[in-house]
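The values are calculated or read from the model by the stated rules, or taken from the named source; none is laboratory data. Quick caveat, the model's predicted, so the values are computed rather than measured. Because the Cβ atoms are built from the backbone with ideal geometry, glycine has one as well, and the counts that use them run over all protein chains shown.
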Amino acid sequence: MTLSDFDYPLPEELIAQEPVSPRDASRLLVVPRDGGAALSELRFAELERLLRPGDLLVLNDTRVIPARLLGTKESGGRCELLLLEPLEGEEGARWRALGQSSKPLRPGMRLAFGALAAAVEAAQGGGLFEVRFDRGGAALRAALEAVGRMPLPPYIRREPNAADRERYQTVVARVPGSAAAPTAGLHFTPELLARLSARGVERTAVTLHVGAGTFLPVRGDDLDQHRMHEERYEVSAEAAHAFAACRARGGRVVAVGTTAVRTLESACEGGALRPGSGRTALFIRPGFRFQAVDALVTNLHLPRSTLLMLVCAFAGRERVLAAYGEAVARRFRFFSYGDAMFLA
């Protein structure tokens, strides 16, 4: 398959610019993996109708940091960084970042973001840079809270506001480190999670810090040439135990979002989920053999994206693209602040 096999027409007005309220008021397109079954539609608040006692819901508990920095170079020209991951641990001052400016960034350049200063140390190609800030640890985190912006994706054509600080986080967000939200989790409310628990649906969390691997576009039509950027993940002993218990009782593992899928499939070996931390560059596309995930809650993704390819791998390209066509016809809202799908 080639990149063009994962294209579909999307009217621009269907790209959600604002979230719905409450979170679980979004629409949910139900897509059976059995190609003979019909599509149906629910409100996300009705997700409990699709889950069974003994199922295991797996969410990504990463927390988005104010990773977007707007500033100036020594020359006075404008510059922008999107922080992707720390290079010396959480207490260090060096980060990998996507960067752009009025003229290309080069090693040795000094950048200012209000009271926060940084220097470009290395260029890695593809718009990626290594930068060193003038502080690290808690001081850097405090500075980012003061001068950083929530990294809303570029198809949301407005500047982030105060409400996005809360709304562009999931209600289970716990571990800071993401440059983008795991958006399938944005639909959940504490009340919905409580109802699912009362129904006998178990819940656990894994952590994958969303970075370049999730959102950078595929360049070139030959998918065999695409290489995913690595992203950091963590699977706790509790999550591994919950996974094993679900398998033992015959429940379904229901991944919330493509980041949860990539974490589970990266950490699954021989039918068991391995606890621990790691890095994944797993590129899931049609032909991939799933070991860990039985059902998927996910948003509606960009054409030609690795996220759409993952969903097509899970439920079949023709089935998924037909469902996307139906979502367009029904005027679903697309992408990060948009509606959702359930595939099982």
Looking at region 265-278 only, could you name the residues that are surrounded by fewer than 24 Cβ atoms within 10 Å (Cβ to Cβ), of a type outside the set (Gly, Ala, Ser) and in contact (Cβ under 8 Å) with a residue 24 or more places away in the chain?
Glu265, Cys268, Arg274, Pro275
Looking at region 324-344, which of its residues are more than 21 Å from the chain's Cα centre (by Cα) and in a helix (DSSP H, G or I)?
Gly325, Glu326, Val328, Ala329
Which members of region 137-158 meet the condition of being under 16 Å from Gly177 (Cα atoms), surrounded by fewer than 18 Cβ atoms within 10 Å (Cβ to Cβ) and hydrophobic (A, V, I, L, M, F, W, C)?
Ala138, Ala139, Ala142
Inside region 236-278, can you point out the residues that are in contact with a helix residue (DSSP H, G or I) (Cβ under 8 Å, 6 or more places away or on another chain), of a type in the set (D, E, K, R) and either closer than 20 Å to Met309 by Cα or at pLDDT below 95 (or both)?
Arg262
Residues satisfying the stated conditions in region 73-91, i.e. modelled with pLDDT of 95 or more and under 29 Å from the mean Cα position of the chain (by Cα):
Arg78, Cys79, Glu80, Leu81, Leu82, Leu83, Leu84, Glu85, Pro86, Leu87
Counting just the residues of region 211-241 that are among the small types (Gly, Ala, Ser), under 23 Å from Leu193 (Cα atoms) and within 22 Å of the chain's Cα centre (by Cα), which one comes out surrounded by the most Cβ atoms within 10 Å (Cβ to Cβ)?
Ala239
Scan region 72-99 for residues that are surrounded by fewer than 18 Cβ atoms within 10 Å (Cβ to Cβ), of a type in the set (Gly, Ala, Ser) and in a strand (DSSP E or B) and jot them down.
none
